[in-house]
Amino acid sequence: MSGDDNRSKIAAKCRACEAVYSAWLLSDDSIHIIGRKDGCRCGSNAFEALSKPTL
């Protein structure tokens with residue numbers, strides 16, 4: 001993800017435990033949580049966007 005300018009900051013929710021995080025939405029529609037390279041604190045890596053990308 002380093003050097004990726006094709007990303008937007010969003011709010012995202014874990015699909016397993018519903019914890020909410022700040023995240024990057026990448027151009028391939030994948031979601032990466034900011035500051036947590038291992039995914040959610042519950043261990044899941046499945047997230048859904050809660051907000052629209054910021055410009």
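Evaluated with a Cβ-only charge set (Lys, Arg +1; Asp, Glu -1), the chain carries a dipole of roughly 220 debye about its Cα centre, given to the nearest 20.
Beta carbons within 10 angstrom, averaged per residue: use that to sort the peptides 8-14, 43-49, highest first.
On the way: 8-14: 17.4, 43-49: 14.0.
The most tightly packed comes first, giving 8-14, 43-49.
Restricting the calculation to Cα atoms, every distinct pair contributes to the Kirkwood radius of the chain, found to be 11.1 Å. Does a label point 7 Å from the Cα of residue 6, set along Cα-to-beta-carbon, have any residues of segment 32-50 with amide nitrogen under 16 Å, and which are they? Correct set: 32.
Coordinate-derived values only; no laboratory data. These figures come from a predicted structure and were not determined experimentally. Quick reminder, even Gly has a Cβ in these numbers, built from the backbone with ideal geometry, and neighbours come from all protein chains shown.
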